[in-house]
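One structure is given below, encoded as structure tokens.
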Amino acid sequence: MLRPKNVHGGNKLVSHITCRCLDKAAVITEHDVTNGVSPNPWKLCTVTQVEEVKILLRMFPIWVSGIVFTALQSQIYTLFVQQGQSMKHTIGSFEIPPATLGMFDTASVLICIPIYDKVLVPFVRRFTGRAKGFTDLQRMGVGLLVSVLSMAASAIVETKRLRGLGAMNIFWQVPQYFLMGTAEVFFYIGQVEFYYEQSPDAMRSLCSALPLLSTAFGSYLSSLILSLVAYFTTMDGQDGWIPSEDIDKGHLDYFFWLLVCFGCANIPVFVFFSVKHLQKKAA
């Protein structure tokens, strides 16, 4: 193996046993040292360069899990609002625009951050011995779980609304907004810290943009799921799960339960790759 004397932009990295096929890129052959000529950097990599590629590969499944999370989280700007429009959103003569309930998502973030830092972290630190209480991956896992609970809450509210148990007040939506805000506190902050700490030293700025990239792909995934559901549920000429005119003729609750299934399938995959994930080690 060729160990570099100088690694521009960061520290040397210790070789991991994973993806050993990539280690061949750092093996010196007789052809590389013929006639005392310096090895071609395009044909021979350093151990650190190989390990940086391995780091990116190990981070990829974690990044994909963030796409599914964003697909669930993006519903607060779309279907949550559509759900609220079909509920009673007046108090006396005062009308509450359904889109304004997004303030409870923001309020949840503002409330949960100090509680997390001042209460939860010191409590968990007693058991884990870590300065941050949770690891970044554990924090992201909690966020994934809470986001599924938010979708389940929205599905339950929609089921009760469709059963016609009186005109439901729009404030029944508050728990699902609060749960999603709590999920954001755990997942997004843990995600940013994970990418910054585990990314190669020379690529920290680039890897810090990965959460934004997963947000973008998550929005596309949400649109894709909506399009597929609309197509397959209207094939027989029916109104479908999410009718464009009268939501009472559809089954928005089925769609929310479908997202719950997506979230539940995402969690064990995330846990599997989190357990298998190897931390970056400097030489």
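The values are calculated or read from the model by the stated rules, or taken from the named source; none is laboratory data. Since the structure is predicted, the reported quantities are computational estimates derived from the model, not experimental observations. Quick reminder, even Gly has a Cβ in these numbers, built from the backbone with ideal geometry, and neighbours come from all protein chains shown.
Miscellaneous remarks
- Residue match in the stretch 65-72 (condition: at pLDDT 90 or above and hydroxyl-bearing (S, T, Y)): yes
- Restricting the stretch 255-282 to residues that are touching a helix residue (DSSP H, G or I) at 6+ places or on another chain (Cβ under 8 Å) and outside any helix (DSSP H, G or I) leaves a set whose member that is modelled with the lowest pLDDT is K280.
- If the condition is being part of a helix (DSSP H, G or I), touching a residue at least 60 places away in the same chain (Cβ under 8 Å) and surrounded by 15 or more Cβ atoms within 10 Å (Cβ to Cβ), then the stretch 227-253 contributes I247, L252, D253.
- Every residue from the stretch 104-148 that is of a type in the set (S, T, Y) and in contact (Cβ under 8 Å) with a residue 12 or more places away in the chain: T106, S108, Y116, S147
- Inspection of the stretch 50-62 finds no residue satisfying the criterion of being of a type in the set (A, V, I, L, M, F, W, C), surrounded by fewer than 20 Cβ atoms within 10 Å (Cβ to Cβ), at pLDDT 60 or above and over 25 Å from the mean Cα position of the chain (by Cα).
Residue-by-condition table, conditions (1) at pLDDT 85 or above; (2) not small (G, A, S):
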| residue | (1), (2) |
| --- | --- |
| M151 | yes, yes |
| A155 | yes, no |
| R161 | yes, yes |
| A167 | no, no |
| F186 | yes, yes |
| G190 | yes, no |
| R204 | no, yes |
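- Residue in the stretch 12-24 that is closer than 30 Å to D253 by Cβ, of a type in the set (A, V, I, L, M) and either surrounded by 12 or more Cβ atoms within 10 Å (Cβ to Cβ) or at pLDDT 85 or above (or both) present: no
- For the stretch 118-140, the criterion of a residue being modelled with pLDDT of 90 or more, closer than 30 Å to I170 by Cβ, of a type in the set (D, E, K, R) and touching a Phe, Trp or Tyr at 6+ places or on another chain (Cβ under 6 Å) is satisfied by no position.
- Residues of the stretch 208-226 that are surrounded by fewer than 17 Cβ atoms within 10 Å (Cβ to Cβ) and under 17 Å from Y254 (Cα atoms): S223, L224, I225.
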